[in-house]
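Chemist: The structure follows.
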Amino acid sequence: MKIKTLILLSSILCGYSYADINLNNSPKEVKVQPSGISWLRTPNIEFEDTDLKGKSRQLLAHLYVNEIGKVTQVEIIKSTGLDRLDRKISSSLKNARFKPYIENGQASSFIAEIPINLNTNSPSSISPECKIKLHSNAYDAQHKGEKTSFKYEQTLRSIYLDRNLFTKTSPSISVSFTMKKNTITHPEIKEIESSGNRYIDEQIKQIISNTAVQSKKSWFPFFKMTATDQIRLDSSDCEND
C-alpha cells in the first residue's frame, strides 16, 4: 500500500500579500512576495488513496500564528467531508512553524490561509488567489479634493482572497479606528457592517493598522482622534484578474 507525503512549501497569504503554495514531494525555492512570510518548519501530510474514499478532496484552513511563529489554532473553513482526514491535516498544520513576521521592527501575530487539494492520481498544486483592491470612501473623497477629517498618505494595499470566501457579491465593511501621531491604533470592524467573513475582516484591519494617515487638526500629534471609513471589495476584480 503506497503512502503519499505532501509537503507544503513556500510562503502564504497573510495580511495583504501572498505567494504561491505548492504541494510537492521535493523542496523547491519559491520567490516570496512582499510580506516576507515563510515557513520555518513545513507541514508534512501523509495519506493513502484509500483515505480519500475514491475522489479528490479539498480543504481550506485558517492558521492563527503568534509573534514567535507558532501555530496556536487551526480553523477548518472548508472541510474535505471526511472527519478523519480533516483531523490528520489539522494536526500536521498545527505542528508547522513560521519564521516570525516582522512589521515596522516588531514581531506581529497574523492569520494565514491554507487552501489544500488532495488528488488521488497526481501531485497537487494551489494556484494564486484573486487580487482584490480595497476601495475606500475616505481615500476616494481625498483623491477628488473633497474635505475629509483625515487623509491616507498612501493607497490601501490589495489583498488576495479565495473567490469562495465572498459571502456577498461586493461586500462593504465599516471600520472605526483611533489615530495619534499619524498612526492608526485599534481598528475595529462594526459587526453590523461586517463583510460577513471574519477572515476578510481581520485582513482589512491589518491593512488599515499599517497605513500612515495625517490630519490638519493642530492637536492631532498630541491627542487621539477617532475616525471611520467604509471599505468596499469589488468581486469583479477577481473576474478581471
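Chemist: Return His135, His62 ranked ascending by Cβ neighbour count within 10 Å, so the fewest neighbours appear first. Kindly include the intermediate steps, with their values, before the conclusion.
Modeler: Values: His135 16, His62 19.
Placing the least packed residue first, the sequence is His135, His62.
Chemist: Quick one: order Met225, Met179 by neighbouring beta-carbon count within 10 Å, fewest to most.
Modeler: Details: Met225 15, Met179 22.
Going from sparsest to densest Cβ surroundings: Met225, Met179.
Chemist: In addition: For the pair Lys55/Thr72, report the inter-label distance in nm, with labels modelled 7 Å from Cα in the Cβ direction.
Modeler: With each label point 7 Å from Cα toward Cβ, the separation is 3.8 nm.
Chemist: Sticking with this one: If each residue's Cβ is checked for other Cβ atoms within 10 Å, how do Arg232, Arg41 rank with the fewest at the top?
Modeler: On the way: Arg232 15, Arg41 12.
Least to most surrounded, the residues fall as Arg41, Arg232.
Chemist: Set the Förster distance to 22 Å, then compute FRET efficiency between Arg97 and Asn117 from the Cβ-Cβ distance, nearest 0.05. Could you put the intermediate results ahead of the total?
Modeler: Values: r = 23 Å, r/R0 = 1.04.
Efficiency for this residue pair is about 0.45.
Computed from the coordinates by the stated procedures, all read-outs in this text should not be read as laboratory data. From a predicted model like this one, the values you see are computed outputs, not experimental measurements. Glycine gets a Cβ as well: all are built from the backbone with ideal geometry, and neighbour counts include every protein chain shown.
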